[in-house]
Amino acid sequence: MRKRKGFTLLELMIVVVILGVLALIAVPSLLNAVEQSRQSAVLGNVSAASSSIASRLAIGQAVDAALVAELNATSDNPYGGANAFVFGAACGAGEVGIQVNAGTGAVTVDGCDGGANQLTQKVLLPPADSAINL
């Protein structure tokens with residue numbers, strides 16, 4: 001009698017079940033990693049905006065829509081929105097909102113995730129005018 005080569009149907013079904021279980025474990029982890037990377041990109045945009053704003057405040061320049069246009073030219077919204085930065089409004093999905101308090105000159109920079117939930121907020125104060133006494 002000739003010996004058959006190959007796998008039985010039972011062996012193939014066991015392999016398919018094992019692959020299915022592995023997929024059930026791996027897919028949520030991968031989706032979570034994608035969300036975390038998008039949130040990290042928003043936090044990076046908040047940091048970039050804060051740095052640019054702090055530099056402008058230090059040399060006495062205004063924080064205005066022109067700065068936001070410059071920032072939008074170099075950064076993308078990780079959630080696919082039109083802009084990564086908005087001026088004069090709270091942040092939306094994946095956006096960084098930049099608001100200036102006209103009374104104090106303080107600038108609030110906040111970043112939101114894909115559901116427009118705030119991830120972080122930074123408040124930048126203009127430098128106080130102080131004389132150095134020697």
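The values are calculated or read from the model by the stated rules, or taken from the named source; none is laboratory data. The model shown is predicted, which means the values in this text are computed figures rather than measured ones. Cβ sites come from the backbone with ideal geometry, for glycine too, and all protein chains shown count toward neighbours.
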Point to revise | Verdict on D76 being surrounded by fewer than 19 Cβ atoms within 10 Å (Cβ to Cβ) and acidic (D, E) | key: yes
Point to revise | Checklist (1) surrounded by fewer than 11 Cβ atoms within 10 Å (Cβ to Cβ); (2) more than 16 Å from the chain's Cα centre (by Cα); (3) part of a helix (DSSP H, G or I) applied to L31, failing item | key: (2)
Review point. Looking at this structure, is V109 touching a Lys or Arg at 6+ places or on another chain (Cβ under 6 Å), modelled with pLDDT of 90 or more and either part of a strand (DSSP E or B) or of a type in the set (F, W, Y) (or both)?
Key: yes
Practice item. Out of V34, V16, report the one residue that is modelled with pLDDT of 95 or more and out of contact with any strand residue (DSSP E or B) (no Cβ under 9 Å at 6 or more places or on another chain). Key: V16
**Study point:** Residue that is in contact (Cβ under 8 Å) with a residue 60 or more places away in the chain and in a loop (DSSP other than H, G, I, E, B), where the choices are G60, G114
**Key:** G114
Review point. So which residues in the range 90-106 are touching a strand residue (DSSP E or B) at 6+ places or on another chain (Cβ under 9 Å) and outside any strand (DSSP E or B), if there are any at all?
Key: A90, C91, G92, A93, G94, E95, N101, A106
